[in-house]
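Beneath this line is the structure, given in structure tokens, with notes to follow.
The values are calculated or read from the model by the stated rules, or taken from the named source; none is laboratory data. Keep in mind it's a predicted model, so treat the numbers as computed, not measured. All Cβ positions, glycine included, derive from the backbone under ideal geometry; neighbour counts span all protein chains shown.
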Amino acid sequence: MSDSRLQVSAWRARTLVAVLACFALALAYSSGPPNGTSGRPGENTCLACHSGGPGSSDSSHLLGFAPVGYQPDSLYSLTLSVSYAGQRRWGFQLTAVNSANEPMGNLVVLDPVNTQLGSGPGRYEYLKQTSAGTFPGTPGPTSWQVGWRAPAGGAGPVCFYWCCAAANSNNSSSGDTIIRDSLVVFEAAAVVSEPAQGRVFWRYANPARHRVAISYRGDPSLPVRIYSSAGKLVRLLRPQPEGDLLRVIWDGRDEQGRVAPASSYFVRVGQEVESVMRVQVTR
């Protein structure tokens, strides 16, 4: 056989090996990502295995907590959702830590068909999807039910970190979109108190990433105003009732729909001086 034919044959063999390796990796990731890719500080994200690019964190949400925060020693059923146009297969990994980046509470499998539990060094726990939980061919939005048992009282705020993979289902790791986000939830006993006379009662995460959710007690007829640190009005929002509180969600955009830069902002939920608070928005 000539040298040229040998070279072509070798090239074809290498190509076949690469294709098979990509296919094998895609199958492996579909059964659940490796532990330690939740995106918490000091960890990788799904981009460690996927060659796609990062997506907007607004495409993924973790829901299930009341505005008052979490109650100690309670089991929560949470919904992690993700949506991204054009993608057809899904995955995730989630973990929970305290302010010192240490494991917080216990993650619980509520849907063993679509989710599973993994563990890593240092007692870290991870919830992630199973092969069935990738929902192949589904255009989304997609969601998983995840459980978390809160620790005993006095543990303080918990931060949930998660990373979602919105894949194109091409049986390889290419062309996928990776969404990373986090949520801080305060311990209810640490934040629930009767407001002092004449003061507004509110609850929010500070700093906040991309969006700010505020629950407070006040006059529902008064709009919520977002000001820049220079005193310029950035956004005006109308509160919605939520139980005995009011709630607004600021998506981090100004009145023209432009993304507001990472900075300190002042939020006014009433007319009195006590109704003004400051929140730090990060990107």
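So for region 128-142 (the condition being part of a loop (DSSP other than H, G, I, E, B), modelled with pLDDT of 95 or more and either under 19 Å from the mean Cα position of the chain (by Cα) or closer than 30 Å to residue 100 by Cα (or both)), does at least one residue qualify?
The answer is yes, given that some residue of region 128-142 is part of a loop (DSSP other than H, G, I, E, B), modelled with pLDDT of 95 or more and either under 19 Å from the mean Cα position of the chain (by Cα) or closer than 30 Å to residue 100 by Cα (or both).
Is it the case that region 96-109 has a residue that's among the hydroxyl-bearing types (Ser, Thr, Tyr), within 18 Å of residue 180 (Cα to Cα) and not assigned by TED's automatic domain parsing to the domain that holds residue 241? Even if it seems obvious, please write down each step before you answer.
Filtering region 96-109 down to residues among the hydroxyl-bearing types (Ser, Thr, Tyr) leaves 99.
Those still in the list that are within 18 Å of residue 180 (Cα to Cα) too: none.
No.
Filter region 86-108 down to the residues that are among the hydrophobic types (A, V, I, L, M, F, W, C) and more than 18 Å from the chain's Cα centre (by Cα) and list them by number.
100
Would you be able to say whether some residue in region 92-104 is free of Cβ contacts under 8 Å to residues at least 24 places away in the same chain and either part of a strand (DSSP E or B) or touching a strand residue (DSSP E or B) at 6+ places or on another chain (Cβ under 9 Å) (or both)?
yes
Inside region 71-91, can you point out the residues that are crowded, with 23+ Cβ neighbours inside 10 Å and either without any contact (Cβ under 8 Å) to a residue 40 or more places away in the chain or among the polar types (S, T, N, Q) (or both)?
Listed by number, the list holds a single entry, 87.
Could you check region 198-232 and list, in sequence order, the residues that are in a strand (DSSP E or B), at pLDDT 65 or above, of a type outside the set (Ser, Thr, Tyr) and more than 19 Å from the chain's Cα centre (by Cα)?
Scanning region 198-232 gives 217, 224, 225, 226.
Does region 15-29 contain any residue that is at pLDDT below 70 and touching a Leu at 6+ places or on another chain (Cβ under 7 Å)?
Checked against the condition, which is being at pLDDT below 70 and touching a Leu at 6+ places or on another chain (Cβ under 7 Å), region 15-29 yields no hits at all.
Residue check, residue 189 against (1) within 18 Å of the chain's Cα centre (by Cα); (2) under 19 Å from residue 64 (Cβ atoms); (3) modelled with pLDDT under 85, all met but one. Which one?
The failed condition is (1).
Report the residue count in region 110-127 for those that are modelled with pLDDT of 95 or more and either part of a strand (DSSP E or B) or closer than 22 Å to residue 176 by Cα (or both).
Residues meeting the conditions: 7.
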